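Here the structure is laid out as structure tokens; the discussion comes afterwards.
The values are calculated or read from the model by the stated rules, or taken from the named source; none is laboratory data. Given the structure is predicted, the values throughout are model-derived calculations rather than measurements. Please note: Cβ atoms are built from the backbone with ideal geometry, for glycine as well, and neighbour counts cover all protein chains shown. What goes into the accessible areas is simple: the full protein's heavy atoms, side chains included, and nothing from ligands, DNA or RNA. Shrake-Rupley method; radii C 1.70, N 1.55, O 1.52, S 1.80 Å.
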Amino acid sequence: MTDLASSSPPRAGWNRRLLRWMLYAILGLFALYYLLPLFVMLTTSLKSLEEIRAGSLIALPRDVTFSPWATAWSSACTGIQCEGLRPYFWNSVLIAIPAVALSTMLGAMNGYVIAQWRFRGANLIFSLMLFGCFIPFQVVLLPMARLLGMMGLAGSIPGLIFVHVIYGIGFTTLFFRNYYVTIPADLVKAAKVDGAGFFRIFWSIFLPLSLPIIVVTVIWQFTQIWNDFLFGVSFSEAGTQPVTVALNNIVNSTTGVKEYNVDMAAAIIAALPTLIVYVVAGKYFVRGLTAGSVKG
Amino acid sequence: MAPILDIRNLYKNYGATEVLKDINIAIEPGDFLVLVGPSGCGKSTLLNCIAGLETISGGSLSIDGRDMTHVSPKDRDIAMVFQSYALYPTMSVAKNITFGMKVRGVDKATQARKLGEVAAQLQIEQLLNRKPGQLSGGQRQRVAMGRALVRDPKLFLFDEPLSNLDAKLRVEMRTEIKRLHQSLNASMVYVTHDQIEAMTLATKIVVMKAGIIQQIGTPAEIYNRPTNLFVADFMGSPAMNLIPARATREGAATRLEIARNSGPPLVLMDQTAPELPDQIILGLRPEDIAEAGFRSGSGVQEAECLVDMVEPAGADTFVVTSLGGKEVTARLHAETSARARQHLSLAFDISKASYFAPESGQRLN
Ligand SMILES: Nc1ncnc2c1ncn2[C@@H]1O[C@H](COP(=O)(O)OP(=O)(O)O)[C@@H](O)[C@H]1O
Ligand SMILES: [Mg+2]
């Protein structure tokens, strides 16, 4: 890039630089556009209510206060209870972690079988799973409620885990299957000749190769499950609601004045885990999505 | 001795397509069998059937007298080297080689001892801690060999193990595989589409085309007495000259008349040929056509030919002329005085001739 620029005549160099700056300007503008709401949320959550009423929306806080955060975390009212987000946050953790782990593991197994053990009907099953990815959730709410009721899981956290695992399998299978089809079939043959069986080959050869796609799947599933509202609101009861439902209740509870700063703090708290996951593992996400075949 | 591998009337179909048809092969302990044929003729499929990685659709297959129809690959006492090497990417070289023993529950001490032996044999001791991704093509090839050798199996299976190497390395590894075969006295089945590899390595060659065995024999038999036009054309480089000719009987001898673009036809006499049909294909290897005066024997006859092209190739010089409407290549010594577009007297050794029927392609003598 720099070589090209320095070896071309000065005029072309200037054009190139101009183009580059325009690109930066446009990208910067878009970044600003997306970051502005976050900025407003953050500043608002650090202001007192008086300051919010007095000042402008995008002004920086004059007196930084963390009390809205404390309120949002432990004492905001979600209806008749006033315990803040905390219990619901933990509900979400208890739902998301097992559901992500289970759906990822099942997806890996399914993908491995469909990609490398080409049994009769494998393509049909894969097509059905793909179809499952595109069924609108609203369609299944009632049947799923019946099913959970019959299983004795209605309104419980295991019930929500079950729902998320089932609805995750389509996508996780797709991810792993597409990753595993790029692995040469000779690898399985060699392992078979070496005496390894179905699970041994999966465990010793495929799983160690899978880190990039595991990261992709975990991020995807975690984001889906953590941010889910529809299943959360449909299949939970008073003590088992996830954080998204609680956030909605805090924002919509209409007792007294509207506490914008608490709402903002609560929203950030609810969004924080997915943000952190992206910041920590985001570069693996991109890398995993573009990871190519494995050369023996 | 009982055959180590005995294949009888084997068929393999994928759905409606027959990939292997009526395969019959038997090899003795210590044999080096090479399956050779053009790409897509079913060599890998046959090897996979032997390994148990593909089921067979008909016939039987036994290894060391034991029927293998319902035996899984791991219980066939075989080892296999793949064209892609198929090394386990996340395991070190040492782990790659010992994986099979680990799976089978061989104790650690034995694993280490065998690993040491094989690493020394293949001179890969300094690579044991590397991952396959950090190895060159030739090194990966050695590791793949090591993984097979460490098994000490009844039967080694190779699927084009050298085809991903560059030319020089390929020749080196070819020699090494041959040496291994001799020192281990192991039984091997080796797949290649490279007829030179087949000739140099095999004690027995199977030539295949479109899922059908064309000929089985020693390299010399295949080379000197190809059973049909396909084998004649496929084996040998440059290929055997296949020249259309008219055969007529003159007493005990056969008179072969070969048309030429200009001038009178070339006439060769064969004193020992059997009864031939009127139209035949005469097969002569390039080395059976020499410069006049450099070849003697009862069947040698000389004739003037117009040289179209001269191709020096180091040790030999190839001279191309035209006979019976076909390009005909002669293998001459390096110091030949042959010049393009000049006449040259060539010596045809008709005692080495193969005769084929033009329609069926079958050998006639
Ligand atoms: N799984 C399969 N399904 C259908 N056809 C196959 C399959 N595997 C191989 N074939 C066909 O069988 C023929 C022989 O293949 P192969 O044994 O790989 O040839 P070779 O190793 O001699 O190049 C080819 O025509 C190929 O298309
Ligand atoms: Mg092949």
Exercise for review: May I ask you to list the residues in the stretch B:20-57 that are away from ligand 1 (no atom under 16 Å from the Cβ) and on the phi < 0 side of the Ramachandran plot?
Suggested key: B:Asn24, B:Ala26, B:Ile27, B:Glu28, B:Pro29, B:Asp31, B:Phe32
Practice item. Using the structure shown, decide if A:Gly232 is in contact with a Pro (Cβ under 9 Å, 6 or more places away or on another chain) and assigned to a loop (DSSP other than H, G, I, E, B). Key: no
Exercise for review: Would you please list the contacts, defined by Cβ atoms under 7 Å and residues six or more apart or on different chains, that run from a residue in the stretch B:268-279 that is over 11 Å from B:Ala245 (Cβ atoms) to a residue that is of a type in the set (D, E, K, R)?
Suggested key: B:Met269/B:Arg255
Review point. Looking at the stretch A:239-271, which of its residues are open to solvent by 70 Å² or more (accessible area, probe 1.4 Å) and not in a loop (DSSP other than H, G, I, E, B)?
Key: A:Asn252, A:Tyr260
Exercise for review: Determine, yes or no, whether B:Gly40 is open to solvent by 10 Å² or more (accessible area, probe 1.4 Å), out of contact with any Leu (no Cβ under 8 Å at 6 or more places or on another chain) and at pLDDT 95 or above.
Suggested key: no
Exercise for review: Could you check, for the stretch A:59-69, whether at least one of its residues is buried (at least 18 other Cβ atoms within 10 Å of the Cβ) and farther than 30 Å from A:Leu209 by Cα?
Suggested key: yes
Check your understanding: In the stretch B:246-275, which residues are touching a Pro at 6+ places or on another chain (Cβ under 9 Å) and small (Gly, Ala, Ser)?
Key -> B:Ala247, B:Ala259
Practice item. Identify all residues within the stretch B:43-65 that are out of contact with any Asp or Glu (no Cβ under 9 Å at 6 or more places or on another chain) and either away from ligand 2 (no atom under 16 Å from the Cβ) or not in a helix (DSSP H, G or I) (or both); write none if there are none. Key: B:Leu53, B:Glu54, B:Thr55, B:Ile56
Practice item. Please work out if B:Ala198 is under 18 Å from the mean Cα position of the chain (by Cα), within 16 Å of ligand 1 (Cβ to nearest atom) and over 27 Å from B:Val103 (Cβ atoms). Key: yes
Review point. Could you list, in sequence order, the residues of the stretch A:108-156 that are open to solvent by 50 Å² or more (accessible area, probe 1.4 Å), within 23 Å of A:Phe229 (Cα to Cα) and not in a helix (DSSP H, G or I)?
Key: A:Phe134, A:Ile135, A:Pro136, A:Gly152, A:Ala154
Check your understanding: Residue check: is B:Met208 in contact with a helix residue (DSSP H, G or I) (Cβ under 8 Å, 6 or more places away or on another chain) and farther than 15 Å from B:Leu35 by Cβ?
Key -> no
Practice item. Provide a single number: the residues in the stretch A:168-219 that are in a helix (DSSP H, G or I), more than 8 Å from chain B (Cβ to nearest Cβ) and not basic (Lys, Arg). Key: 30
**Study point:** Condition check for B:Asp6: more than 10 Å from chain A (Cβ to nearest Cβ), within 16 Å of ligand 1 (Cβ to nearest atom) and either in a strand (DSSP E or B) or at pLDDT 95 or above (or both)
**Key:** no
